[in-house]
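The values are calculated or read from the model by the stated rules, or taken from the named source; none is laboratory data. Quick caveat, the model's predicted, so the values are computed rather than measured. Cβ atoms come from the backbone with ideal geometry, glycine included; neighbour counts cover every protein chain shown.
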Amino acid sequence: MLSVTCKAPVNIAIIKYWGKRHEELILPINDSISMTLGTNELCAKTTITASEKFQHNRMWLNDEELLFEEDSRLMRCLKGVQRLAHINGSQEASLCWKVHIASRNNFPTAAGLASSAAGYACLVYSLARLYGIPLTEELTTIARQGSGSACRSLFGGFVQWHRGVLDDGSDSVAEPVASAQHWPNMHVLILVVNDERKKTSSTTGMQRSVTTSQLIQHRVDKLVPERIANLKKAIKARDFQSFAEITMKDSNQFHAIALDTYPPCVYMNDVSHAIVNFVHTYNKTTGTVHAAYTFDAGPNACIYVLKENVAKLLAAIQKVFPTDSIDTVEYLRGLAVSPESNIEK
Ligand code: ADP
Ligand code: DP6
Ligand code: CO
């Protein structure tokens, strides 16, 4: 019997991935950039056990069993890592053993807080540890096939997911842009507005946007490439003003495209919009930009803020928003996936 446990954090997209050019391989229509949070914060924790005694591959997510062998994304990740192990020369009989997987998220699942990113990054990394495979760019192409955003959670710090041009997706990889240590005072506040499952999953929402939005192609062709270049410059220079402007504009543009989708995908709610207004007013009163909001496919806000400005911002949030309307949590940025235990034989 072999067993391994790993943890993987979520990543918060700064330039959003929204739309695929290939559904099964999960190839995106545009590059994206995110920041990965710490492994003690919003995390998935996954234990995988392989045994010659197991009859079927099985998985439990937050204690509920999933139909693993009927789930093409889960099977693609399992087969992908096993294939890689085989190519790397592993002759281990354990490669043929069935696996039992138990995963838990320590934050709301499917609520727009990137559970699919942490979940599939953790699954693929745990499988890699189980079969003795190193963390490489190629491994990110397997995590990508679980959930696109997951490929970015294999690395810490600021990470770019390249759209790639090849049909087989081998160049659609995640690559670190800057390490977590490069900008150590960058923090994120997560404002949980609603922890329920979203009505339209990211997968369904982006499919509908690609087929119906008239704005999405302009974003992909004209706007994202320039934005990616400018964001990388801002990160390299630790230029918070430029970073913040790009972050907020890209969040707004993504939600504009969600609304341009037909029928529209409405992910933000009244509290989300109140947070947007609050941040702009706050930045005006402080004179310089201290806070940058971003919203994924859900109503919950992530606010990028430098460490020295956290306390003041938190106090202002608590004054404007009563504690029963949002939960405020501060998360340090940090490292990528980490193994919890070594393989037991
Ligand atoms: P989110 O905004 O949370 O990423 P998505 O709609 O993109 O929401 O994805 C949610 C789905 O991701 C879940 O229904 C489940 O299939 C998958 N998922 C979430 N957490 C995990 C996990 N820990 N392990 C494996 N899959 C997970
Ligand atoms: C808005 O990666 O969850 O969070 O690839 O279909 O699993 P699938 O979708 P997913 O989409 C994430 C969309 C987003 C933006 C982002 O994380 O870049
Ligand atoms: Co997701």
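How many residues are touching a residue at least 12 places away in the same chain (Cβ under 8 Å) and more than 7 Å from ligand 1 (Cβ to nearest atom) when one looks only at the range 113-145?
Counting residues in the range 113-145 that are touching a residue at least 12 places away in the same chain (Cβ under 8 Å) and more than 7 Å from ligand 1 (Cβ to nearest atom) gives 21.
Is it the case that some residue within the range 37-46 is under 30 Å from D167 (Cα atoms) and surrounded by 14 or more Cβ atoms within 10 Å (Cβ to Cβ)?
The answer is no; no qualifying residue exists.
Conditions (1) buried (at least 16 other Cβ atoms within 10 Å of the Cβ); (2) more than 16 Å from ligand 3 (Cβ to nearest atom); (3) closer than 27 Å to G205 by Cβ; (4) hydroxyl-bearing (S, T, Y), marked per residue:
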position	(1), (2), (3), (4)
G89	no, yes, no, no
I101	yes, yes, yes, no
G112	yes, no, yes, no
G119	yes, no, yes, no
C122	yes, no, yes, no
R129	yes, yes, no, no
E138	no, yes, no, no
I142	yes, yes, yes, no
S149	yes, no, yes, yes
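Residues of the range 290-300 being modelled with pLDDT of 95 or more and either assigned to a strand (DSSP E or B) or within 19 Å of A316 (Cβ to Cβ) (or both), which ones?
H290, A291, A292, Y293, T294, F295
For the range 254-271, which positions are in a helix (DSSP H, G or I) and either modelled with pLDDT under 95 or surrounded by fewer than 19 Cβ atoms within 10 Å (Cβ to Cβ) (or both)?
A256, L259, D260, D270, V271
Tell me whether the range 303-320 contains one or more residues that are crowded, with 23+ Cβ neighbours inside 10 Å, in a loop (DSSP other than H, G, I, E, B) and of a type outside the set (G, A, S).
Checked against the condition, which is being crowded, with 23+ Cβ neighbours inside 10 Å, in a loop (DSSP other than H, G, I, E, B) and of a type outside the set (G, A, S), the range 303-320 yields no hits at all.
Quick check on the range 232-246. Is at least one of its residues of a type in the set (S, T, N, Q), surrounded by 15 or more Cβ atoms within 10 Å (Cβ to Cβ) and either assigned to a helix (DSSP H, G or I) or touching an Asp or Glu at 6+ places or on another chain (Cβ under 6 Å) (or both)?
yes
Please identify the pairs in which a residue from the range 83-105 that is more than 21 Å from A44 (Cβ to Cβ) and of a type in the set (D, E, K, R) has its Cβ atom under 7 Å from the Cβ atom of a residue that is modelled with pLDDT of 95 or more and away from ligand 2 (no atom under 16 Å from the Cβ), counting only partners at least 6 apart or on another chain.
Listed pairs, sorted by first residue: K98/F54; K98/Q55; K98/H56; K98/N57.
In the range 114-213, which strands (runs of 3 or more DSSP E) lie fully inside it and hold 1 or more residues that are under 26 Å from R21 (Cα atoms) and not aliphatic (A, V, I, L, M)?
Per the criteria, 157-161, 174-178.
Just checking, which of I235, I190 is within 16 Å of ligand 3 (Cβ to nearest atom), under 23 Å from V337 (Cβ atoms), touching a residue at least 12 places away in the same chain (Cβ under 8 Å) and not basic (K, R)?
I190
What's the number of the condition S213 fails, among (1) under 21 Å from A114 (Cβ atoms); (2) in contact with an Asp or Glu (Cβ under 9 Å, 6 or more places away or on another chain); (3) not hydrophobic (A, V, I, L, M, F, W, C)?
Of (1) under 21 Å from A114 (Cβ atoms); (2) in contact with an Asp or Glu (Cβ under 9 Å, 6 or more places away or on another chain); (3) not hydrophobic (A, V, I, L, M, F, W, C), only one is false for S213: (1).
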